[in-house]
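The values are calculated or read from the model by the stated rules, or taken from the named source; none is laboratory data. Remember, it's a predicted structure, so these values are computed and weren't measured experimentally. Please note: Cβ atoms are built from the backbone with ideal geometry, for glycine as well, and neighbour counts cover all protein chains shown. Surface accessibility is based on the protein's heavy atoms, side chains included, excluding ligands, DNA and RNA. Shrake-Rupley method; radii C 1.70, N 1.55, O 1.52, S 1.80 Å.
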4 protein chains.
Amino acid sequence: MRSKRDNGPTFTERARRAQIVECAINLIAEIGYSQTSISKIAERAGVAKSVVLYYFANKDELLNTVVTEIFLAGAAVMVPAMKAEPTAAGKLRAYIRSNGEFISAHREHALAMLDIWTSYRSASGQRLDEVMVESTKQNPPQGDLAELDPVRILELGQQTGEFREFSAPLMAAAVRSAIDGSVTQSSVDPGFDVMAYCDELVTVFDLATRRNT
Amino acid sequence: MRSKRDNGPTFTERARRAQIVECAINLIAEIGYSQTSISKIAERAGVAKSVVLYYFANKDELLNTVVTEIFLAGAAVMVPAMKAEPTAAGKLRAYIRSNGEFISAHREHALAMLDIWTSYRSASGQRLDEVMVESTKQNPPQGDLAELDPVRILELGQQTGEFREFSAPLMAAAVRSAIDGSVTQSSVDPGFDVMAYCDELVTVFDLATRRNT
Amino acid sequence: MRSKRDNGPTFTERARRAQIVECAINLIAEIGYSQTSISKIAERAGVAKSVVLYYFANKDELLNTVVTEIFLAGAAVMVPAMKAEPTAAGKLRAYIRSNGEFISAHREHALAMLDIWTSYRSASGQRLDEVMVESTKQNPPQGDLAELDPVRILELGQQTGEFREFSAPLMAAAVRSAIDGSVTQSSVDPGFDVMAYCDELVTVFDLATRRNT
Amino acid sequence: MRSKRDNGPTFTERARRAQIVECAINLIAEIGYSQTSISKIAERAGVAKSVVLYYFANKDELLNTVVTEIFLAGAAVMVPAMKAEPTAAGKLRAYIRSNGEFISAHREHALAMLDIWTSYRSASGQRLDEVMVESTKQNPPQGDLAELDPVRILELGQQTGEFREFSAPLMAAAVRSAIDGSVTQSSVDPGFDVMAYCDELVTVFDLATRRNT
DNA sequence: GATGAATGAGCATTCATTCAT
DNA sequence: GATGAATGAATGCTCATTCAT
């Protein structure tokens, strides 16, 4: 795709890829991943179907790009918010609220992400996480991205004595799925107030995790 | 399929339908709804593809049967458990735990249900809940099934003074999505301890809802 | 299907066969031969699909019965009308008018007949007439039915000097297709006045065939 | 299939479409519309089934193209022939003869057209004319094509006094169905002399329409 | 860079027919 | 007599992908 003396992707290439990814996200948010085909994406982007496969080797690569894109956009919002909080309780609060803010601000991205996450199956029936295991194992999240793991926040709080005793992985799973619930709700009811919901979650997990005196 | 003066379904018919539904559930749990085709279901059931369509007018009817079957099986476990509890706090506890018990005992059913719920899209892109709205509006859940609505439990607790003030619909959404999270976790990690997770949830929502003295 | 000491078809058998044939005719007239399936016929008759194939070895036999039935019903109307006319001109007039009367009185039968005649193709693409050739060759129309051949009428008229010189087969083809046109028209426009049309045809072919002095 | 700024169909596209249409016509003429499937058309064209659906969105679009193609080819022959005749009687003669010439010269096209016309039923059982009503209402035949309406010829002749009094619509129906009869005859007997038949029709309708002195 | 052309695999569904009861 | 059960072939159609230009 590029010459030997490689200067990285050209401007056009990046623009086209971004455009295609954007159309894919909109489409997935609108009609669901399972109904989203390459030709529909191409149609919406106003290009030939083969153009999509020129920029992305196959459907899975496009999908992967979409997921990564959204994930990084979310991280860009959440990581700073969490870093700004010194305490574990503060970090947990920031984790929930900043996630909610991203979902509110980028509703379509969140819808697309959740839909892919829950709907995607490879030809052999593997889910996205199963497929991603290899690449993740090779590139475990480092530095800032590791901050996004709720298990770490909870363990931190238990170490500092802010939080009571509980299973950090289980509590983390509860936090994550409760937050994801806001996307599901939002897809059912477009008027769903994600931030109000997340504020409620902040209270819930504050009461549920803090050490009672 | 049957004449007017109807003696109800044959023995064979009930058996075959049950078998097909079972195969469908297994398959959906295994490879996901989007990868589940009628021919794969037939293959697993060891019958010709056309047999499936002999017993179910079309894919949607089969799907509907699957969903209803699983839902009723879940309700059969949950409703008695909740009725046995007099207090709202007890009912909430029973709601979470009995749901967890059903998920543990029928892991494949729960996986299939969740996958259908999140993946299904009609030809026009509608989700299952959107499609079901009409039938639900015509036949709103009555009697025992109404017990399964978590909003009612929470409002009850607020009326009796057991629970603090909060938005019942939002809290209910949190409860539901936290419970559903156990299925997602279970699909990612087959060894996930659903009951331990639900016990943790019981604590979380007990702390989060009870009136602090 | 019947015992050795054969008393011919039982009452039930004849009744069932008649009922099925009737339903087939209605259905073909309504939705066209190509959309008419055995299961639809059975459904309309209120019996199981296999019942239809119990009385008729296969679809073609049912079809054949339908065609024969309608043809004989038409002949029953037309033959007497033609016999009543002594002259060739009178017979031609009677041929057209009585055919029109049959079409008017049994619109569905006529529609079904025409639709089968034009639409039917065997699995190998043969038309109904091609398929029927063998049976017709073995049993050429005799006696009264031979009266229905318009070629004979025209040749008779030429022998008696009533008609001018023309090619009888070609003129006969013109007469037949003009009459059939009334069915086509009637299917397009249910209000089409078949008798008025046939009266016009009578005039047309009277003017067209008579010897001018 | 093509981008917005459109240079019109490619050479390949036009060629392939023409080839597919041609194969469809041959096949319909041979085995009838009801037995003609997309895969058979593709097989005859020597391409994959999906190629047919690459050029025609669905079977109906292909069908429509076939019908339009044949109709326009017929009109191209008939319109000039009729225009060349100044009198109504001449026009009527030209209408019949030029139609016959087209049928003789393009036997397969005529057979296909008639078969589609009589056999086609939409999924809901509508005939081709019923389906075409809307498009025809929006685009009524204009200019030259209006010449092809036999009703107009007959009314013209009555206005000029060339023709006697009769119902023009009924006479037109008779003319049309008599002509169509040549196609039916030709399909039954490949050696049928269409032009001789049409010449006979010319005489028939000349005698039948002209004002007797 | 971009795209038109082509393809094969798969899917849901329809249907005539066979067979055991 | 009647029917439920089962099946294989066929149909229209979608889609991701390949390839030559």
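Rolling a 1.4 Å probe across all protein chains gives B:TRP117 an accessible area of roughly 100 Å².
In this structure C:VAL131 has an accessible area near 40 Å², from a 1.4 Å probe over the protein heavy atoms. Taking amide hydrogens as placed 1.01 Å from N in the peptide plane, the amide H of C:ARG210 sits under 5 Å from those of C:ARG164, each at least 5 positions away in sequence or on another chain. Across D:SER98, C:SER104, the residue with the most accessible area heads the list, and the full order at a 1.4 Å probe is C:SER104, D:SER98.
Applying the Karplus relation 6.51 cos²θ - 1.76 cosθ + 1.60 with θ = phi - 60° to region B:19-30 yields 3J(HN,Hα) values of 4, 5, 4, 4, 4, 4, 4, 4, 5, 4, 4, 7 Hz, where x marks Gly and Pro. Interface burial in region B:172-196 reaches 30 Å² or more for B:ALA173, B:ALA174, B:SER177, B:SER187, B:VAL188, comparing the full protein assembly with the chain by itself; accessible area from heavy atoms with a 1.4 Å probe. In degrees between 0 and 90, to the nearest 10, how far off the longest principal axis of chain A does helix A:59-83 point, with axes built from Cα atoms? Approximately 30 degrees, to the nearest 10. Chain D has one residue whose beta-carbon comes closest to the axis relating it to chain B; that residue and its distance in whole Å are D:ALA123, 8. For chain A, give the percent of accessible area contributed by carbon and sulfur heavy atoms, probe 1.4 Å, rounded to a whole number. For chain A, the apolar C and S fraction of the accessible surface comes to 53 percent.
Helix A:168-188 versus the longest principal axis of chain A: what angle, 0 to 90°, nearest 10, using Cα atoms? Once rounded, the angle reads 50 degrees. For region C:84-119 versus region C:64-82, the inter-centroid distance based on Cα atoms is 9 Å. Per-residue ellipticity at 222 nm, computed for chain C from helices alone with -39500 (n - 2.57) per DSSP H run of at least four residues, works out to -23000 deg cm²/dmol.
A simple count of charges around B:ARG93, restricted to other residues whose Cβ falls under 9 Å of its Cβ and scoring Lys, Arg +1 and Asp, Glu -1, yields 0.
Provide the FRET efficiency to the nearest 0.05 for the B:GLU165-A:ASN212 pair, computing r from the beta carbons and using R0 = 25 Å. Between B:GLU165 and A:ASN212 the formula returns 0.80. The listed residues D:ASP129, B:ASP144, once ranked by accessible area (1.4 Å probe) with the largest placed first, stand as B:ASP144, D:ASP129. In nanometres and ascending order, the distances from the B:PRO169 label point to those of the other copies are 3.7, 6.0, 8.3 (point 7 Å from Cα along Cα→Cβ). The mean accessible area for residues of region B:9-56, using a 1.4 Å probe and ignoring ligands and nucleic acids, is 49 Å² per residue. When B and A come together, around 2900 square angstrom of accessible surface is lost from both chains combined, probe 1.4 Å.
Distances between copies at D:GLY125, taken between label points 7 Å from Cα along the C-beta direction, are 3.0, 3.5, 4.3 nm in increasing order.
Using a 7 Å projection from Cα along Cα-to-Cβ, the label point at B:THR203 is separated from the same position in the remaining copies by 2.3, 10.1, 10.8 nm, smallest value first.
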